[in-house]
Structure formats: structure tokens, C-alpha cells
Amino acid sequence: MDALDVRGLSCPIPVLKTQKALEKGPAELQVVGTGNTAKQNVAKFAKSKGYDVQVNSETDDVWQMVISKRSGS
């Protein structure tokens, strides 16, 4: 699984970095970041591109999600 760390970055940078990482074609991408706005925007972007999004952990201001290709995609 590929990993992307966008902690401390302000939007739209986390979304742009996620887009660039997904363009490489990984089956799964783990994204770690900070800030609720960045989390919402990254998840919204991934879903709009046909990916499944699962938020695995949230502690304090840090979140982690796994973005994966939908079955049959």
C-alpha cells in the first residue's frame, strides 16, 4: 500500500497531493493528515473519482484514511 503524509498542509494542497498519488494507480493509498477540513476535502475528492474511503483512526487533530479502488473498477 502506498502512503501519503499531508500533515500540517492547508487545502487545497492535501487534495492535490492525493490526486497526484492516485494518478500513479495504486490499489490502495493510505493518507495521514491534520485538520477536519483537509479530511473532508480529501475524502470528498476521492469519492468523486470513484474510490472507496475508510477513515481508520482519528486522534486529536490527526486522521488516517485508506483510499481504495472500488470493486470492479
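Side notes on the structure shown:
- Counted residues, region 31-73 - those being within 11 Å of the chain's Cα centre (by Cα) and small (Gly, Ala, Ser): 5
- Residue that is farthest from residue 4 (Cα to Cα), among those in region 62-73 that are surrounded by 12 or more Cβ atoms within 10 Å (Cβ to Cβ) and either in contact with a Leu (Cβ under 6 Å, 6 or more places away or on another chain) or not aliphatic (A, V, I, L, M) (or both): 69
- Residue within region 12-33 that is hydroxyl-bearing (Ser, Thr, Tyr) and in a strand (DSSP E or B) present: no
- Qualifying residue in region 35-58 (condition: of a type in the set (D, E, K, R), surrounded by 18 or more Cβ atoms within 10 Å (Cβ to Cβ) and touching a strand residue (DSSP E or B) at 6+ places or on another chain (Cβ under 9 Å)): yes
- Scanning region 34-50 for residues that are over 14 Å from residue 61 (Cα atoms), of a type outside the set (D, E, K, R) and in a loop (DSSP other than H, G, I, E, B) gives a single hit, 50.
Only the coordinates and a few stated rules stand behind these numbers; no lab work does. These figures come from a predicted structure and were not determined experimentally. Glycine also receives a Cβ, built like all others from the backbone with ideal geometry; neighbour counts cover every protein chain displayed.
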